[in-house]
Amino acid sequence: MMNTRKAVFLDIDGTLITHGKGPFREDLDQIEEAARQGHLFFLNTGRALSNIPRFFLDYPCLSGICAGTGTHVLLEGRTIYHNWVKEEILADICSWYFNSSRCCILEGENNCYAINKASRSYTVNPPIPISGIDDIRRICPNELITKLTLDGAVSEDEKKLLGDYFQVHAFSDYSEAILKGENKAKAMEAVIGRLGIRQEDTIAVGDSVNDLDMIRYAGLGIAMGNACDELKQAADAVTKDCGSGGAGEAIKRFALILPV
């Protein structure tokens, strides 16, 4: 008997790529076989659209992309949901960082923009240095900023600045500021609602704290072997590490229609 068609939502960093390497053929082989069997695949990433590797943007096995931790959802290349940092909020944020030594990366649909020099490297779309908010409008007049990336941990002053509008996720060497009310589970809900897919027929695979909501929302939540402990505890299953075939193993175990 055939399995029910699944909607599979995959994180990028720590799930499909790691330390600048990937995606890996052992994962792609399983994605491609499952897609041939009728399962649907979606990226569900913290990266804004401008910071997603071109490989994924052109990958024919993807039916959609949930970018910026749920702030921008595309289905078959068309936007079905979009939220962004409003102009007056962005102006206040830019003003604060322009007057500090702290680095703030503004991630948009088309480009990333750096206020002060970033310590982290951006291999996909290196941030464009800016000295004022007017620079963004000059470079790309209709740019919409969906998230912020900050060097290291945020200070108490930054928490006061961002706290009314953003939820901040801290990682080992950087932090992400995501608009309040947005998350990866909400993006999943938008996709499956549009496609008429049941929640119980969804699979989510991720590795970090910003994947918690989608792991809990999915019919089957799977943590990578390299995932944080909190995510592993919330998941229904744990697979191998990123770079060791972990995403592919999860798809093979839970989505592929295997011979008996």
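For region 200-251, the average shadow cast by the Cα convex hull is 2.9 nm², which is a quarter of the hull's surface. Sorting ARG137, ARG36, ARG198 by solvent-accessible area of protein heavy atoms yields ARG36, ARG198, ARG137, largest first, with a 1.4 Å probe. At the listed q of 0.20 Å⁻¹, the Debye profile of region 65-206, built from one uniform point per Cα, gives log10 I(q)/I(0) equal to -1.25.
With all protein chains in place and a 1.4 Å probe, the accessible surface of region 16-62 carries 51 percent carbon and sulfur. Across the options GLY163, LEU62, GLY46, the greatest Cα extent toward the positive end of the charge dipole of the chain (unit charges at beta carbon of Lys, Arg, Asp, Glu) belongs to LEU62.
When the Gaussian network model of the chain links Cα atoms closer than 10 Å, the mean-square fluctuations of THR79, THR239, THR123 top out at THR123. Comparing mean-square fluctuations of CYS112, CYS140, CYS61 from a GNM of the chain with C-alpha springs under 10 Å, the top value falls on CYS140.
Inter-label distance, ILE89 to SER121: 3.3 nm, where each label sits 7 Å from its Cα along the C-beta direction. Of the solvent-accessible surface of region 137-260, computed with a 1.4 Å probe and all protein chains present, 47% belongs to carbon and sulfur.
For a Förster distance of 25 Å, can you work out the FRET efficiency between the beta-carbons of ARG216 and SER172, rounded to the nearest 0.05?
0.65
Using just its DSSP H runs of length 4 or more, each adding -39500 (n - 2.57), the chain gives a mean residue ellipticity at 222 nm of -8000 deg cm²/dmol after division by all residues. Shown here: region 1-135, whose C-alpha atoms stretch 63, 30, 18 Å along the first, second and third principal axes, sorted largest to smallest. Of the residues LYS240, LYS6, LYS186, ranked by 1.4 Å probe accessible area with the largest first, the sequence reads LYS240, LYS186, LYS6. A Förster radius of 25 Å combined with the Cβ-Cβ distance from THR4 to CYS61 puts the calculated FRET efficiency at roughly 0.85. A 1.4 Å probe run over the protein chains yields, for the chain, 45 Å² of accessible area per residue, whole-number rounding. Overall, region 149-251 carries a charge dipole of about 400 debye about its Cα centre when +1 sits on the Cβ of Lys and Arg and -1 on the Cβ of Asp and Glu, all other atoms neutral. The convex hull drawn around the Cα atoms of the chain, when projected onto a plane and averaged over every direction, covers 13.4 nm². About the centre of its Cα atoms, the chain shows a dipole size close to 460 debye [charges on the beta carbon of Lys, Arg (+1) and Asp, Glu (-1) only; nearest 20 debye]. Extension gain, ASP241 to HIS82: 0.36 nm times the residue separation minus the Cα-Cα distance gives 54.1 nm. Dividing the C-alpha radius of gyration of region 166-256 by 2.2 N^0.38 Å, with N its residue count, gives 1.11. With Cα atoms defining each centre, region 1-52 and region 183-260 are spaced 10 Å apart in the structure.
In terms of accessible area, using a 1.4 Å probe and ignoring ligands and nucleic acids, GLU32, GLU158 rank largest first as GLU32, GLU158. For the residue pairs LYS6/LYS186; LYS160/LYS232; LYS6/LYS86; LYS117/LYS240, alpha carbon separations beyond 27 Å are given by LYS160/LYS232; LYS6/LYS86; LYS117/LYS240.
The values are calculated or read from the model by the stated rules, or taken from the named source; none is laboratory data. None of these values were measured; they are calculated from a predicted model. With ideal geometry, Cβ positions are generated from the backbone for all residues, glycine too; neighbour counts draw on all protein chains shown. Only protein heavy atoms, including side chains, enter the accessible area calculation; ligands, DNA and RNA are left aside. Shrake-Rupley method; radii C 1.70, N 1.55, O 1.52, S 1.80 Å.
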